[in-house]
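Let me give you the structure first, and then I'll get to my questions.
The values are calculated or read from the model by the stated rules, or taken from the named source; none is laboratory data. Note that the structure is predicted; figures quoted are calculated from it, not measured. So basically every Cβ, Gly included, is an ideal-geometry build from the backbone, and we count neighbours across all protein chains shown.
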Amino acid sequence: MDEKKDKKRQEKEFEPDLSVDLAGIVLKNPVLAASGPFGYGHEYGELTNFKDLAGIIVKGVSLEPWPGNSPPRISETPAGMLNAVGLQNPGLRNFIKEDLPRLRNCGLRLIVNVVGCTMDEYAGVACGLAGEVGIDGLELNISCPNIKAGGMAFGTDPAATRQVVEAVRRETKLPLLVKLSPNVADIGIMARAAEEAGADGISLINTLSGMLINTADKKPLLGNTFGGLSGPAIMPVALKMVWQAAEAVKIPVLGMGGITTADDALQFIMAGARAVAIGTGLFYNPELATVIKTGLERYLKKEGLLNLDQLEGIARS
């Protein structure tokens, strides 16, 4: 009996270290809110306790306001969601004036997702954010599948990827993550192009391109015809691409795509991700960060591991 009590006491006293360094951004745990579903943070203010979330990647910020696509823009799918919001946002000036002051007070790491239709627009947002207090890093979104110009065009061509990353790199000293598209033949080539151009980390995957048809009116369900598929349905694809990207580059990888449990997050870390981001799952469980963080702690304790470094990429060894 005494041995059992002693074992329980030791397990209680053993607290694994969940902190990670993502491209120079030190996180208290590896769980971030992905760009898009979490908005600019305040949308979830009354729905969740931020204490178990390490940071927020805010909804995309463009140089000028973007109205987004025409409705319908969202539809539920089996094990996921299809969206064609089109990166609607109030623009850089409004973000700095209205959203950034609130985000500075949330106590979380802040990564700004940068969007544009041209290299000058991407670079302009990065330049406009330079010197702003409270921003820990940038995520360069060159992979959105539901805008008609720019976006994914940069993320599907290695030469274009290099050019836009270089243009943004010249404008900022902040840690720079490049968000890649899964809608390519070889994710390793795209990841290496971003790394060679000056990226500090790789972020993937963005949504898969898809569509639905309304059989009643015999037309595409989304106003934009095509949209981005997210949620648990895409996790196997995302996991494979995180594996391939982690093998292709030396910089850290932020994994995302259908993560809804601690086991999902562990799979991404074992495939080579340094940290993970949760998105669509937050719509049905705003407390998902707590679920995942608690599950990671429990797993490390069970395995007798001190930190997540001991698991990163272990499945590839």
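Return the total of residues in region 123-145 being of a type in the set (D, E), in contact with a Ser or Thr (Cβ under 8 Å, 6 or more places away or on another chain) and either surrounded by fewer than 24 Cβ atoms within 10 Å (Cβ to Cβ) or assigned to a helix (DSSP H, G or I) (or both).
Step one: of region 123-145, the residues of a type in the set (D, E) are 132, 136, 139.
Of the ones still in play, those that are also in contact with a Ser or Thr (Cβ under 8 Å, 6 or more places away or on another chain) are 139.
If we keep only those that are either surrounded by fewer than 24 Cβ atoms within 10 Å (Cβ to Cβ) or assigned to a helix (DSSP H, G or I) (or both) too, we end up with none.
Matching residues across region 123-145 total 0.
What number of residues in region 92-120 are of a type outside the set (A, V, I, L, M) and either modelled with pLDDT of 95 or more or under 21 Å from I205 (Cα atoms) (or both)? I'd like the intermediate steps shown before the answer.
Pass one, region 92-120, residues of a type outside the set (A, V, I, L, M): 93-95, 97-99, 101-102, 104-107, 109, 113, 116-118, 120.
After this cut, where a residue has to be either modelled with pLDDT of 95 or more or under 21 Å from I205 (Cα atoms) (or both) as well, the list is 93-95, 97, 109, 113, 116-117.
Of the residues in that region, 8 qualify.
Within the group V291, V276, which residue is assigned to a strand (DSSP E or B) and β-branched (V, I, T)?
Values: V291 fails: assigned to a strand (DSSP E or B).
None of the other options fit; the residue is V276.
Let me ask something else about it. Quick one: is G91 surrounded by fewer than 18 Cβ atoms within 10 Å (Cβ to Cβ), of a type outside the set (V, I, T) and in contact with a strand residue (DSSP E or B) (Cβ under 8 Å, 6 or more places away or on another chain)?
Values: surrounded by fewer than 18 Cβ atoms within 10 Å (Cβ to Cβ): yes; of a type outside the set (V, I, T): yes; in contact with a strand residue (DSSP E or B) (Cβ under 8 Å, 6 or more places away or on another chain): yes.
Yes.
While we're on this one: Collect the residues in region 107-120 that are surrounded by fewer than 17 Cβ atoms within 10 Å (Cβ to Cβ) and assigned to a loop (DSSP other than H, G, I, E, B), keeping them in residue-number order. I'd like the intermediate steps shown before the answer.
Of the residues in region 107-120, the ones surrounded by fewer than 17 Cβ atoms within 10 Å (Cβ to Cβ) are 107, 118, 120.
Within region 107-120, G107, T118 meet the criteria.
In this structure, is I278 among the hydrophobic types (A, V, I, L, M, F, W, C) and within 16 Å of the chain's Cα centre (by Cα)?
Working: among the hydrophobic types (A, V, I, L, M, F, W, C): yes; within 16 Å of the chain's Cα centre (by Cα): yes.
Yes; evaluated as a whole, the condition is true for this residue.
Okay, next question. Examine region 74-93 for a residue that is under 28 Å from A130 (Cβ atoms) and assigned to a helix (DSSP H, G or I), and state whether such a residue exists. Give the steps one after another, and end with the answer.
Of region 74-93, the ones under 28 Å from A130 (Cβ atoms) are 85-93.
When the remaining residues are screened for being assigned to a helix (DSSP H, G or I), the result is 92-93.
Checked region 74-93: at least one residue is under 28 Å from A130 (Cβ atoms) and assigned to a helix (DSSP H, G or I).
Counting only residues that are out of contact with any strand residue (DSSP E or B) (no Cβ under 7 Å at 6 or more places or on another chain) and within 13 Å of R274 (Cα to Cα), which one in region 294-317 is surrounded by the most Cβ atoms within 10 Å (Cβ to Cβ)? I'd like the intermediate steps shown before the answer.
So the first thing to find is which residues in region 294-317 are out of contact with any strand residue (DSSP E or B) (no Cβ under 7 Å at 6 or more places or on another chain), and the list is 294-305, 309-317.
Retained after the next criterion (residues that are within 13 Å of R274 (Cα to Cα)): 309-314.
Numbers: D309: 15, Q310: 12, L311: 17, E312: 22, G313: 18, I314: 13.
Per the criteria, the residue is E312.
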